[in-house]
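Report on one structure; see the data block that follows.
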Amino acid sequence: MKNITLILGILGIGVLLVFASGCTQEGGTAPTTTVLPTPPTTPSMISTTSPVSTATQSSIQTYENSYFSIQYPGSWVVKAAPDGNSVTFTSPLGSTDDNYQESMNVTRESISASPDQYSDAKLAAMQASVSNFNLILDSRINMHIGNLPARKVGFSGKVGTLNVQWIQIYVIKDTAAYVLTFAAKDPDFRNFVTARDAMFDSFTIK
């Protein structure tokens, strides 16, 4: 009787071992749960809504026609008139929430007025067309494009519901007047100072 009990006990243990082996093994290895470490945060993984603010964020390009040349950030879109009398550079949108594209515009026209008469008339036209016009800068002191005297004005106003700031430079060579106009939404205006000034400084009349 004791021998039968011993044999049954050994057989029972063997069955349990085989059962346990079948529950924990598949292909010879027990399944494991691996916890992957969290990858480090890098700048490329961070979402940003900052607008293109400086010319160093992209390659510098040069626009040139028969009358003038100007440098601009390579990421900006260029739209030029076939006659060479105007060109507009537009910044890319900074994010999906961005609702205004900053721009630099250059125009050329023939005139017979004096520099003061011309710039006064242009400024008056802006004052009449811009809602909530507010003059914040008007300088002729030490203002030159090349060796030509220039006038620089700044003003703010509204475009629809947006607060916008403008900087304009007026310069005349012979019988042609050139107007450079930079426009940016407030408060993003300050983010584009470097790019704006680089474009102004690169402008050359032929």
- Flag for Asp138 being surrounded by fewer than 17 Cβ atoms within 10 Å (Cβ to Cβ) and at pLDDT below 95: no
- Filtered residues of the stretch 90-126 (kept if part of a strand (DSSP E or B) and either closer than 17 Å to Phe189 by Cα or of a type in the set (S, T, N, Q) (or both)): Thr90, Ser103, Met104, Asn105, Thr107, Ser110
- Message: Quick check on Ser75: is it in a loop (DSSP other than H, G, I, E, B), small (Gly, Ala, Ser) and free of Cβ contacts under 8 Å to residues at least 24 places away in the same chain?
- Response: yes
- Query: How many residues does the stretch 127-153 contain that are outside any strand (DSSP E or B) and in contact with a strand residue (DSSP E or B) (Cβ under 7 Å, 6 or more places away or on another chain)?
  - Reply: 5
- If you check Phe189 against the conditions, is it buried (at least 20 other Cβ atoms within 10 Å of the Cβ) and outside any loop (DSSP other than H, G, I, E, B)? yes
- In the stretch 165-181, which residues are over 28 Å from the mean Cα position of the chain (by Cα), assigned to a strand (DSSP E or B) and touching a residue at least 60 places away in the same chain (Cβ under 8 Å)? Ile172, Ala176, Ala177
- Which numbered condition Leu162 fails, given (1) more than 26 Å from the chain's Cα centre (by Cα); (2) at pLDDT below 95; (3) surrounded by 10 or more Cβ atoms within 10 Å (Cβ to Cβ); (4) not β-branched (Val, Ile, Thr): (1)
- Qualifying residues in the stretch 72-116 (those that are more than 24 Å from the chain's Cα centre (by Cα) and of a type in the set (D, E, K, R)) - the one surrounded by the most Cβ atoms within 10 Å (Cβ to Cβ): Arg108
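Conditions (1) surrounded by fewer than 19 Cβ atoms within 10 Å (Cβ to Cβ); (2) within 26 Å of Tyr67 (Cα to Cα); (3) among the aliphatic types (A, V, I, L, M), marked per residue:
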residue: His144; (1), (2), (3): yes, yes, no
residue: Lys152; (1), (2), (3): no, yes, no
residue: Thr175; (1), (2), (3): yes, yes, no
residue: Leu180; (1), (2), (3): no, yes, yes
- Applying the selection to the stretch 64-95, what residues are hydrophobic (A, V, I, L, M, F, W, C) and over 17 Å from Val171 (Cβ atoms)? Trp76, Val77, Val78, Ala80, Ala81, Phe89, Leu93
- Residue under evaluation Leu162, criteria (1) within 24 Å of Asn65 (Cβ to Cβ); (2) of a type in the set (A, V, I, L, M); (3) touching a residue at least 40 places away in the same chain (Cβ under 8 Å), criterion not met: (1)
- Message: Report every pair of residues separated by at least 6 positions or lying on different chains whose Cβ atoms are under 6 Å apart, first residue within the stretch 112-124 and more than 14 Å from Lys173 (Cβ to Cβ), second of a type in the set (A, V, I, L, M) and not in a loop (DSSP other than H, G, I, E, B).
- Response: Leu123/Val153
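The values are calculated or read from the model by the stated rules, or taken from the named source; none is laboratory data. As the structure is a prediction and not an experimental result, all values here were calculated from the model. Positions of Cβ are backbone-derived with ideal geometry, glycine not excepted, and every protein chain shown enters the neighbour counts.
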